[in-house]
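Below is one structure, written out as structure tokens; the observations come after it.
The values are calculated or read from the model by the stated rules, or taken from the named source; none is laboratory data. What you see is a predicted model, and the numbers here were worked out from it, not measured in a lab. Here the Cβ positions follow ideal geometry from the backbone for every residue, glycine too, while neighbour counts run over all protein chains shown.
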């Protein structure tokens with residue numbers, strides 16, 4: 001069923017001032033009662049993930065780096081921005097806006113597909129900040145989310161997911177805990193955990209944003225497909241109702257039409 005669908009959105013972060021990489025374990029909800037409260041945490045502002053260090057004024061904004069959901073040959077988690085070796089060749093793990101997925105950028109600027117199938121051959125050597133010359137400005141990208149409330153059966157859009165310090169009346173509270181994104185509706189007791197869905201960066205034929213979990217009509221056909229994340233190829237793809245898988249891209253998405261999503265319009269897709 002659609003309400004059972006879930007995947008983890010997990011992050012680490014680079015501090016451009018201290019020149020330090022913060023692991024997921026460093027990114028957890030601040031504890032104001034602690035004698036040594038954490039000053040680095042992540043939250044959603046209008047649906048966009050912001051990770052900051054509030055011990056500075058103004059706060060230092062860190063660079064989020066998302067987990068690919070892949071693991072290398074020593075079972076270390078692979079993140080966007082990692083430098084990896086495969087069969088003696090060195091690659092960067094980069095986010096590709098066109099395909100809305102991760103690719104491997106070689107030293108000669110050749111680009112190869114990635115995926116969790118590379119685990120036995122792939123080894124993490126470092127990352128682009130500590131072991132490269134990347135700048136925060138060129139590697140900062142938006143990570144935008146909406147969220148489904150399975151209790152109210154309501155979709156909360158990015159503009160509904162605000163900084164609670166700015167809009168304290170907003171009942172939706174989003175934060176990182178050990179690097180993983182959690183979104184709650186705190187007006188209920190106990191709070192209801194919402195289901196985050198990430199924006200792909202694609203636009204449909206009406207210029208509407210395309211999100212994970214959307215249901216789209218494929219071009220001029222009657223084919224209906226879901227937008228899903230594939231660990232196997234490391235990108236968002238279209239999964240048609242007949243089981244056919246279509247690779248996605250920004251250019252092909254403009255030929256589709258968003259007609260619903262798997263939660264509000266579950267009757268449009270097969271129920272597993």
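For the reader, a short list of remarks on this structure follows.
- Applying the criterion of being out of contact with any strand residue (DSSP E or B) (no Cβ under 8 Å at 6 or more places or on another chain) and either in contact (Cβ under 8 Å) with a residue 40 or more places away in the chain or assigned to a strand (DSSP E or B) (or both) to the residues of region 89-120, the residue that is farthest from residue 237 (Cα to Cα) is 120.
- Among the residues examined, residue 12 does not qualify as at pLDDT below 90 and either outside any strand (DSSP E or B) or surrounded by 15 or more Cβ atoms within 10 Å (Cβ to Cβ) (or both).
- Odd one out for residue 83 among (1) in a loop (DSSP other than H, G, I, E, B); (2) in contact (Cβ under 8 Å) with a residue 24 or more places away in the chain; (3) out of contact with any helix residue (DSSP H, G or I) (no Cβ under 7 Å at 6 or more places or on another chain): (1)
- Region 75-95: number of residues that are under 13 Å from residue 116 (Cα atoms) and surrounded by fewer than 17 Cβ atoms within 10 Å (Cβ to Cβ): 2
- A single entry from 173, 246 fulfils the requirement of being without any contact (Cβ under 8 Å) to a residue 40 or more places away in the chain, assigned to a strand (DSSP E or B) and over 30 Å from residue 26 (Cβ atoms): 246.
- Filter pass, residue 200 being in contact with a helix residue (DSSP H, G or I) (Cβ under 8 Å, 6 or more places away or on another chain) and either part of a loop (DSSP other than H, G, I, E, B) or buried (at least 17 other Cβ atoms within 10 Å of the Cβ) (or both): yes
- Scanning region 161-170 finds no residues that are modelled with pLDDT under 95, within 30 Å of residue 187 (Cβ to Cβ) and assigned to a strand (DSSP E or B).
- Per the listing 64, 58, the residue uniquely assigned to a strand (DSSP E or B) and either surrounded by fewer than 20 Cβ atoms within 10 Å (Cβ to Cβ) or modelled with pLDDT of 95 or more (or both) is 64.
- Selection status of residue 216, surrounded by 15 or more Cβ atoms within 10 Å (Cβ to Cβ) and touching a helix residue (DSSP H, G or I) at 6+ places or on another chain (Cβ under 7 Å): no
- Within region 121-143, not a single residue is in contact with a strand residue (DSSP E or B) (Cβ under 6 Å, 6 or more places away or on another chain), closer than 27 Å to residue 261 by Cα and not in a loop (DSSP other than H, G, I, E, B).
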